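The values are calculated or read from the model by the stated rules, or taken from the named source; none is laboratory data. Model, not experiment: these values are computed from the prediction. No Cβ is skipped: glycine too gets one built from the backbone with ideal geometry, and neighbour counts run over all protein chains shown.
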Amino acid sequence: MLDAVRRLCRVVAQEGVTGAINRVRYRRDDRLMREISAPSGQPMALAGHGPLKARFQAELARHGLLAAASAGCRSIVFNPGAAELGAGDLAAAVLDDDYLAAAGPQDGAIQALLASGCAMIVGSEEGLRRALALGAALPDITLVPDRAPGHQTRLAIGRWLAYAGALDPARHLEEVLAFAPPIGDRAHICISLPEYLQRRDSFRQGNPAGFRFFDGIRLLPAWKGCAWSYKTVAAKALQSGAERLTICEDDAFFSPDFPQYCAAIHRYLDRADWDVFNGVMTRIEGKPKISLRRRLGDNHIIHTPHMMGMVFNVYNRIALEWMADWSPDAGDANTNTIDEWLNSMPGLRVVSAVPFIAGHREDVHSTIFGFKNQRYSGMIRATEREILSQVESR
């Protein structure tokens, strides 16, 4: 009880009453925190007809997951009717655009599908919007593009298999290394779940630095999916020979003059000793340890051994190697998130700039913990204030 009171007092002191209220008001979504069993490797049969069926057949066969239709196992059904939905144990229903366009709210097959809670796979962003309009839940839907280049569809199927618990994420990482396009030196990558269309659309409208989307890996618990996404991006960048990589998330936002700020930061990093540039530091424990301070325009550049937050960061090769070594068995949601893992890197050298040069959107929900991003706002402002108070007092 005493520890809880102390934590509350610390939150109020750092973030104010509003910050404390936001922590209570915006709680973690337990559905995103639950553990799922290890990949089963159980074969699945295919039924029905649709444009993605041949691709699923090829990918399931390649992974040793294809079963005969008469095997009595779980099935993936393409554009099912009501009778097919009640015929057995469904792993997923794959719905093409024409099927969804013809479906209405009173359609028996659609209502049976929604009531079943079965996973749904759609072939386009338009199909995803239509499925949501019919009442489907976003966590139940996966986007597997049916008109994309072959490697994109292949990786999207593997991404769904990992989400469904049928494929080990480590195997999906190997697929990304084998088939995804390179991530070159000094590339700008935005990790984003393609199913969250509003987040992507908003990011596209304010993307001054030419970030390229990487389809994040969906897993339960969601924090592991996030960490696997960063691990996979880091591994692909290292394979591609990258010495420096900028990664943001799709709830980051940037001012119109961000490219100029970013270029100045990179020029500074060219002559500094560093591992991570932490663009938005979400929290600190106690007073920050600042070993060096420089002025860069209207910003203070600081050097510190601490980082926290993945909204917008730049990584050198040493940090990418550490990120690629993340293990899902190294801890839990309190000790082994990807930023906690990076913060534990021996001899970590962090550079940051205050005021922070990127922002964090408050109007969306965390895809990792489920609460509204507004919960982070007080933490970020408190961290920024604490750092500024130190550097301005020197």
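Points worth noting:
- Filtered residues of the stretch 138-180 (kept if small (Gly, Ala, Ser) and either over 24 Å from residue 199 (Cα atoms) or in a helix (DSSP H, G or I) (or both)): 150, 156, 158, 162, 165, 166, 170, 178
- Some residue of the stretch 278-297 being farther than 16 Å from residue 392 by Cβ, of a type in the set (D, E, K, R), assigned by TED's automatic domain parsing to the domain that holds residue 356 and outside any loop (DSSP other than H, G, I, E, B): no
- Cross-chain or 6+ apart pairs with Cβ under 8 Å, the stretch 232-251 first and closer than 11 Å to residue 187 by Cα, then assigned to a helix (DSSP H, G or I) and hydroxyl-bearing (Ser, Thr, Tyr): 247/230
- Residue pairs meeting the criteria (Cβ under 7 Å; at least 6 apart or on separate chains; first loosely packed, with under 13 Cβ neighbours inside 10 Å, in the stretch 101-121; second modelled with pLDDT of 80 or more): 101/130; 105/134; 117/140
- Candidate set from the stretch 268-287 (those that are loosely packed, with under 10 Cβ neighbours inside 10 Å and modelled with pLDDT of 95 or more); member that is nearest to residue 246 (Cα to Cα): 270
- Matching option when the condition is in contact (Cβ under 8 Å) with a residue 60 or more places away in the chain and out of contact with any helix residue (DSSP H, G or I) (no Cβ under 9 Å at 6 or more places or on another chain), among 91, 61, 68: 91
- Condition met for residue 290 (closer than 14 Å to residue 386 by Cβ and surrounded by 13 or more Cβ atoms within 10 Å (Cβ to Cβ)): yes
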